[in-house]
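Peer 1: I am attaching a structure below and will ask some questions about it afterwards.
The values are calculated or read from the model by the stated rules, or taken from the named source; none is laboratory data. Remember, predicted model here, so these are calculated numbers, not experimental data. Cβ placement follows ideal geometry from the backbone for every residue including glycine, while neighbour counts extend to all protein chains displayed. For accessibility, only protein heavy atoms count, side chains too; no ligands or nucleic acids. Shrake-Rupley method; radii C 1.70, N 1.55, O 1.52, S 1.80 Å.
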Amino acid sequence: MHVIDHFDADRIRALRDSGESFWLDLDTPTNDQLAELGDLLGLPPLAVEDSQEFGQRAKIDDYGDRLLIVFYGALRQTDEYDAVEAHLHLAQGRIVTVHRGPAPQLDSVRAAPAHSDNETVYRILDAFSESLLTFLRDIEAEVSELEQNAFEKPTDADRRRIVMLRGRLFRLLQVIVPQRDMLAGGADAIERVLDIETGQAHHPFADIRDDLVLAVNLIAYCRELLAEALNVYLQATSNRLNEVATRVSVLATIFVPLTIITGFFGQNFGWLVDHIDSLAAFLVWGVGGTVGTVLVLGLWLWRAGYLNSNGQ
C-alpha cells in the first residue's frame, strides 16, 4: 500500500487510475484541496463538507460503497492533553485521513505500512484509542494524588484542579461514548466497504471498542474519585470554620462575664467607694473576682473538652 503525506493531485490520479491501494494523510488541507480531492476520488459531498468544517461528533456516516469515520484521540501538549479530531474517508483500496494539526498517533502507522487497507484502518483507530487510554491513565494517577492531598493537606489550588478535571472528563466522556457505541454496529459497514470476508475483522475492531469501554469506565472512576475528593475538601473547610467559630465562642464565654464584673465594679456605688479603700480589698474584690472567674470558666471549658485536643 502506498502512503502519501501531502496533497499531490497528479499522484493521486495516477494511483486511482492504476487501481493501486493507497493511504493519503492530510494535515490541515485547504477547502479547495478537499473539494478537488472529492472530485478525484468521488467522495460524497456531505462527507467533504464535514471535513471542511470539522468540529463533528464521533460517527460513522455510511454512503454505500464509501464511509466517513470521525474519530478522536488525545495529543499531549506540555503537561496537558488536547483532543485530536481525525476524519477517515474509506473506500475499497483507498484511505484518506484528514486532521488539523499534529497527529503523532499516525507516525507509527506510517513508519510500518500495513499490507491491506483493513489492517491500516484498524491500526489508525487503535492508535487513537490507545492515546485516549494513555491520557486517562495519566489523569488517573493525578486524581489519586489529588484525593490523597484532600485527606492530608487540601489547598485552594487542588480544589480548582479538581473542578477543572471533572469538567474536562465530562467533555471527554461526550466524545468517547459515541465512539464506543458507533463501533458496536459500525464494524459491519467497515467490513462491507473494504470488502472483507464476514467475521474477519470482528475481533480487531472489537478490541478497539474494548479499549473505549475501558476508557469510559476510567472516566467514571476518576470522576467518582474527584467527587469524593471535593467532598472531603469541602468537609475539611467546614471543619476549619467550625474550629474558628468554637474558638471565638470560647473567648466570648470568657470575656462576657469579665465585662459584667468590670462594668459592675466600675460604678461609683457608695458602698464600693466606702469599703474598697485598701490594697487588700482591691486584691480580693477586684483582682480576685476577675481571676477567680477566669479560673472557674477555664476549668469548666477544659472539662467540657473545649481547651484540649481530645475534645469533641
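Peer 1: Provide the convex hull volume over Cα atoms per residue for the stretch 1-124, in Å³.
Peer 2: Output value, Cα hull per residue: 102 Å³.
Peer 1: Moving on to the next point. Can you work out the FRET efficiency for the pair residue 10 and residue 82, with r the C-beta to C-beta distance and R0 = 45 Å, to the nearest 0.05?
Peer 2: Efficiency, rounded to the nearest 0.05: 0.85.
Peer 1: Tell me, in nm to one decimal, what length is gained between residue 238 and residue 293 on full extension, where the rule is 0.36 nm per residue of separation less the Cα-Cα distance?
Peer 2: Full-extension gain reported as 16.6 nm.
Peer 1: Run the accessible area of the stretch 27-88 with a 1.4 Å probe and give the carbon-and-sulfur part as a rounded percent.
Peer 2: 44
Peer 1: Taking 0.36 nm per residue of separation and subtracting the Cα-Cα distance, what length does fully extending residue 280 through residue 33 add?
Peer 2: Full extension of this stretch gives 78.4 nm more.
Peer 1: Below 13 angstrom from the Cβ of residue 178, what's the summed charge of the other residues (Lys, Arg +1; Asp, Glu -1)?
Peer 2: It works out to a net charge of +2.
Peer 1: Quick one: net charge around residue 166, please, counting Lys, Arg +1 and Asp, Glu -1 for every other residue with C-beta under 12 Å from its C-beta.
Peer 2: +4
Peer 1: Could I ask something else about it? With only alpha-carbon pairs counted, each pair once and no self-pairs, how large is the Kirkwood hydrodynamic radius of the chain in angstroms?
Peer 2: In the chain this quantity evaluates to 25.0 Å.
Peer 1: Tell me what the chain gives for mean residue ellipticity at 222 nm when only DSSP H runs of n ≥ 4 count, each as -39,500 (n - 2.57), the sum divided by the residue total, rounded to 500 deg cm²/dmol.
Peer 2: -22000 deg cm²/dmol
Peer 1: Helix 156-193 versus the longest principal axis of the chain: what is the Cα-based angle in degrees, 0 to 90, to the nearest 10?
Peer 2: That helix lies at roughly 20 degrees to the long axis.
Peer 1: Could you check how much of the accessible area of the stretch 117-157 is carbon and sulfur, as a whole percent, using a 1.4 Å probe?
Peer 2: 44
Peer 1: In degrees between 0 and 90, to the nearest 10, how far off the longest principal axis of the chain does helix 288-304 point, with axes built from Cα atoms?
Peer 2: 40
Peer 1: For the stretch 92-132, rounded, prolate or oblate, judged on the Cα gyration tensor with a ≥ b ≥ c (square roots of eigenvalues), a/c < 1.5 rounded, else prolate if a/b > b/c?
Peer 2: Verdict is prolate for the stretch 92-132.
Peer 1: Continuing with the same structure: Each label point is 7 Å from the Cα along the Cα-to-Cβ direction; what then is the distance between the points at residue 262 and residue 21, in nm?
Peer 2: That separation, rounded to one decimal, is 9.3 nm.
Peer 1: Highest GNM mean-square fluctuation, the chain, Cα pairs closer than 10 Å: which of 41, 75, 88?
Peer 2: Comparing 41, 75, 88 in a Gaussian network model of the chain, the most mobile one is 41.
Peer 1: Can you tell me the orientation of helix 9-18 relative to the chain, as the angle in degrees between its alpha-carbon axis and the longest Cα principal axis, to the nearest 10?
Peer 2: 50
Peer 1: Once ligands and nucleic acids are excluded and a 1.4 Å probe is used, how much of residue 253 is accessible, expressed in Å² to the nearest 10?
Peer 2: Approximately 50 Å² for this residue.
Peer 1: Express the C-alpha Rg of the stretch 83-239 as a ratio against the empirical globular expectation 2.2 N^0.38 Å, rounded to two decimals.
Peer 2: Working it through for the stretch 83-239, the quotient is 1.29.
Peer 1: For residue 303 and residue 188 in the same chain, what is the full-extension length gain: residue separation times 0.36 nm, less their Cα-Cα distance, in nm?
Peer 2: Net length gain for the segment: 33.8 nm.
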